[in-house]
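*Asks:* Below is a structure I'd like to ask you about.
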C-alpha cells in the first residue's frame, strides 16, 4: 500500500511537471498572472472565420498587424466583465497596428450577440463568429474567455486564459512593444 502511494504521488508530480513545463515562458516579465508567453512563437496558418454579416475573414490578410483574438460567449460572466476594457483597448490611440477580433464561440444568434454588445455599450468593436470552429480547433481552445496574441509575423506569441483587464497599465506598456 505504501509503495502504491509513492507511485501515485510520483505520477501526479510527473504529470503536473510535464503540463507546466510545456507552457514555455521566456525570461520576459509576464504582465499578467494568467498569461503564457511562448518562448518560440507559433506560426499561424491561413484561418477563415466570419464577420457579423457572414462575410469571410482570413487571418492571413492581417500579416503586419498586432492581432488580438478574444474568444467569448454571451453566457460567460467573465467575458461580460472584460469586454468593456477590450473595447477601450481597441480605441487606444497609442496603438497604430492593432486589430482586435472578438469572436463569439457561444453559438448565439446575431440578435443575441448584438444585444450583448449594446447592453455593455460596446462601440469600438465589431462582432465575429467562428461557425466552422476553424479558430477554436487551430488554437485548441479549452474555454472562454481566452485571448490569443499574434505578432506582426503572424505568429502566436502569447495567450491569456481567463478574464483580463485590457487597460491594465503594465499590460498596455508591454503590449505596445509588439505594435
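The values are calculated or read from the model by the stated rules, or taken from the named source; none is laboratory data. Remember, it's a predicted structure, so these values are computed and weren't measured experimentally. Positions of Cβ are generated from backbone atoms using ideal geometry, with glycine treated the same way; all protein chains shown enter the neighbour counts.
*Asks:* Take residue 140 and tell me if it is under 26 Å from residue 46 (Cα atoms) and surrounded by fewer than 14 Cβ atoms within 10 Å (Cβ to Cβ).
*Replies:* Here the answer is yes, as residue 140 does meet what is asked.
*Asks:* Check whether at least one residue in segment 111-129 is within 19 Å of residue 90 (Cα to Cα) and within 11 Å of the chain's Cα centre (by Cα), and report yes or no.
*Replies:* For segment 111-129, residues within 19 Å of residue 90 (Cα to Cα) and within 11 Å of the chain's Cα centre (by Cα): absent.
*Asks:* Looking at segment 39-155, what strands (runs of 3 or more DSSP E) fall wholly within it and have at least 3 residues that are within 24 Å of residue 172 (Cα to Cα) and in contact (Cβ under 8 Å) with a residue 60 or more places away in the chain?
*Replies:* Strands (runs of 3 or more DSSP E) meeting the threshold: 66-72, 146-150.
*Asks:* Between residues in segment 157-179 that are part of a helix (DSSP H, G or I) and residues that are exposed (fewer than 15 other Cβ atoms within 10 Å of the Cβ), which pairs lie under 7 Å by C-beta distance while being six or more apart or on different chains?
*Replies:* 176/94
*Asks:* Follow-up question, since we're still on this one. Output the number of the condition that residue 154 fails; it satisfies all remaining conditions of (1) surrounded by 15 or more Cβ atoms within 10 Å (Cβ to Cβ); (2) touching a helix residue (DSSP H, G or I) at 6+ places or on another chain (Cβ under 6 Å).
*Replies:* Going through the list (1) surrounded by 15 or more Cβ atoms within 10 Å (Cβ to Cβ); (2) touching a helix residue (DSSP H, G or I) at 6+ places or on another chain (Cβ under 6 Å), residue 154 breaks only (2).
*Asks:* From the list 107, 99, pick out the single residue that is modelled with pLDDT under 95 and either more than 17 Å from residue 35 (Cβ to Cβ) or surrounded by fewer than 13 Cβ atoms within 10 Å (Cβ to Cβ) (or both).
*Replies:* Of the residues listed, the single one that is modelled with pLDDT under 95 and either more than 17 Å from residue 35 (Cβ to Cβ) or surrounded by fewer than 13 Cβ atoms within 10 Å (Cβ to Cβ) (or both) is 107.
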